[in-house]
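S.K.: First, the structure itself, so that you have it in front of you.
Taken together, the values in this text are just the output of simple stated rules run on the coordinates, not laboratory data. As the structure is a prediction and not an experimental result, all values here were calculated from the model. Ideal geometry is used to build each Cβ from the backbone, glycine not excepted, and the neighbour counts take in all protein chains shown.
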Amino acid sequence: MAGAFTIQLPNIPSAIALAGDGEENLKFLSRQTGATLVLRGQELVISGTEGQIDLASRLVRSLEDLWIKGNTISSADILTARQAIDSDRQGELQDLQRDILAKRSPG
């Protein structure tokens, strides 16, 4: 059964970071999950089957440490997040993302 799920993003920079240049990240997420991802301002609408929506929303949430701060997301980040979800290792991924962000921070 098809449906839709909406994720409210906190601000425009996070929406831009998640979408990527020319919405390439949303297109890549769609290819990875089979779901349709559409950004309307600060709302990300994910539609598809229940399984597609679940996987896409989990991927978006697992990348949150990057996009919430407006950091660039690459296809490699998305693939790494997908592998973490597939192997049930999301906690390790989030720890890694936080560690990388800490190393990038000036100071």
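S.K.: I'm trying to understand the selection: among the residues of segment 10-27, which are closer than 21 Å to GLU50 by Cα and over 10 Å from the mean Cα position of the chain (by Cα)?
M.R.: Result: LYS27, single match.
S.K.: Next up: Just the residues that are within 17 Å of ARG82 (Cβ to Cβ) and either touching a residue at least 24 places away in the same chain (Cβ under 8 Å) or in a loop (DSSP other than H, G, I, E, B) (or both), please, taken from segment 25-43.
M.R.: Matches in segment 25-43: ASN25, PHE28, LEU29, SER30, GLN32, THR33, GLY34, ALA35.
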